[in-house]
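Written below as structure tokens is the structure these notes are about.
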Amino acid sequence: MPGLTAPASYSDEPPRHPALKINSKEPFNAEPHRSALVSSYITPVDFFYKRNHGPIPIVDDLSRYSVSITGIVNKTVQLSMADIRSLPKYDVTATLQCAGNRRTAMSKVRKVRGVGWDISALGNATWGGAKLSDVLELVGIPKLSSVTSLGGKHVEFVSVDRCKEEKGGPYKASIPLKQATDPEADVLLAYEMNGETLNRDHGYPLRVVVPGVIGARSVKWLDSINIIEEECQGFFVQKDYKMFPPSVDWDNINWSTRRPQMDFPVQSAICTLEDVDVIKEGKARIAGYAVSGGGRGIERVDISVDGGKTWVEAHRYQKSNVPYISDGPQSDKWAWVLFEATLDVPANAEIVAKAVDSAANVQPEKVEDVWNLRGILNTSWHRIKIQNSSCVGRSKICFWP
């Protein structure tokens, strides 16, 4: 694409916050420490997780940057940033979550492949840009279309980003046309993040944001949009990010037997305690996040201090001074919910969190039941075990006597 070049090496990477936990340097993948996640409803850009598959592309000349709309269309269109900015701008608050969030806990059950994410491979931001449904009208595709007059049923996003999984080709993904043309789905071509111009790590100058769907479909550094008959045939759609049962491993996998993962399931995690903390016995503030895919709200977050025998409902909130109601008109339907509860925590306790979404979906109890060879969608109950003072010095949360 004119105006964009992908650096051949990692020598020109952007600066990052030193407090990030780095999971891999080349490509750069990092997450904030869990306590940073619950410090604010909107995640600061510096502490929003970084997920990359190669060196970060560089824009040489924004005036020459354009996005092409091609494929099964009557006429190919080239859109400049000025064209995209001329469309109505929308701000959408949405949580993006890597499908591999909480993979490390799953890897303790049985080996999995993938970046070793803890519980912070997600973030909540306000994205600003044009709705994809408005953009597609420029090539004659009406809103709320399931199929075009020429037979297009899917919208493919192609990045300038090059990755080894595509054998040096571009990263790409797709969503159904019905979702892309639905204004209520809030799919954006975003050029702002938290009121500021996108930075390089997060897709400058233009990225796709698909709310309620695993982060792999929100393609950064957008190069082209293709209207296609079948779903994208790229690696990350056909041979990755699919949910297999625990009985499938690398010696018997058949990728074609599963559909690409889209919506993420209901999820929650405790962020105020870590496995290396030492806290005093007695009352403790237990706080974290809960989120579900597909625009489903969080109906309840339950906290247990006895391993799941008894439960207390946590307080849920999003914006200050606005009561949170699951699926309420004042709630951000694509965004996470923060929760907190102050409880008496006994010694030798196991603290557990689980969430229930507005469709009554609840997190599964055991990670063993959702284990899969790629370590995605670990939405099992989040557990933190606390031992007494005799465990000080080990990798546990301990109480002082």
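Could you list, in sequence order, the residues of the stretch 77-102 that are free of Cβ contacts under 8 Å to residues at least 60 places away in the same chain, under 18 Å from Trp221 (Cα atoms) and surrounded by fewer than 21 Cβ atoms within 10 Å (Cβ to Cβ)? Those that are free of Cβ contacts under 8 Å to residues at least 60 places away in the same chain, under 18 Å from Trp221 (Cα atoms) and surrounded by fewer than 21 Cβ atoms within 10 Å (Cβ to Cβ): Gln78, Ser80, Ala82, Asp83.
Looking across the stretch 326-383 at every residue that is modelled with pLDDT under 95 and among the acidic types (Asp, Glu), the one that is farthest from Pro265 (Cα to Cα) is identified as Asp344.
Residue pairs whose Cβ atoms lie under 7 Å apart, separated by 6 or more positions or on different chains, with the first residue in the stretch 35-51 and more than 16 Å from Gln97 (Cβ to Cβ) and the second at pLDDT below 95 and not aliphatic (A, V, I, L, M), are Ser35/Thr272. Screening the stretch 61-76 for residues that are hydroxyl-bearing (Ser, Thr, Tyr) and over 17 Å from Glu229 (Cβ atoms) and picking the one that is least open to solvent (accessible area, probe 1.4 Å) gives Tyr65.
Among the residues in the stretch 235-246, are any open to solvent by 40 Å² or more (accessible area, probe 1.4 Å) and acidic (Asp, Glu)? No, because not a single residue in the stretch 235-246 is open to solvent by 40 Å² or more (accessible area, probe 1.4 Å) and acidic (Asp, Glu).
Taken over the stretch 103-127, the criterion of being out of contact with any Leu (no Cβ under 9 Å at 6 or more places or on another chain), assigned to a loop (DSSP other than H, G, I, E, B) and buried (at least 24 other Cβ atoms within 10 Å of the Cβ) is satisfied by Trp117, Ala121.
From the list Asn199, Asn194, which residue is surrounded by fewer than 20 Cβ atoms within 10 Å (Cβ to Cβ), farther than 21 Å from Val67 by Cα and in contact (Cβ under 8 Å) with a residue 40 or more places away in the chain?
Asn194
Going by the conditions given, is Ser304 farther than 20 Å from Leu273 by Cα, of a type in the set (S, T, N, Q) and at pLDDT 95 or above? Reasoning before the result, please.
On the way: farther than 20 Å from Leu273 by Cα: no; of a type in the set (S, T, N, Q): yes; at pLDDT 95 or above: yes.
So Ser304 fails the test.
Going by the conditions given, is Pro265 open to solvent by 10 Å² or more (accessible area, probe 1.4 Å) and free of Cβ contacts under 8 Å to residues at least 24 places away in the same chain? No.
Of the residues Arg259, Arg316, which single one is surrounded by 20 or more Cβ atoms within 10 Å (Cβ to Cβ) and free of Cβ contacts under 8 Å to residues at least 40 places away in the same chain? Exactly one residue qualifies, and that residue is Arg316. Evaluated against (1) open to solvent by 20 Å² or more (accessible area, probe 1.4 Å); (2) under 15 Å from Val362 (Cα atoms), Gln330 falls short on exactly one condition, (2).
Scan the stretch 208-222 residue by residue and report those that are of a type in the set (D, E, K, R) and open to solvent by 10 Å² or more (accessible area, probe 1.4 Å). If the condition is that a residue be of a type in the set (D, E, K, R) and open to solvent by 10 Å² or more (accessible area, probe 1.4 Å), then Lys220 is the only one that fits.
The values are calculated or read from the model by the stated rules, or taken from the named source; none is laboratory data. Since the model is a prediction, treat every value here as computed from it, not as a measurement. Using ideal geometry, Cβ is built from the backbone for each residue, glycine included, and neighbour counts are taken over all protein chains shown. Just so you know, the surface numbers come from the protein's heavy atoms only, side chains and all, with ligands and any DNA or RNA stripped out. Shrake-Rupley method; radii C 1.70, N 1.55, O 1.52, S 1.80 Å.
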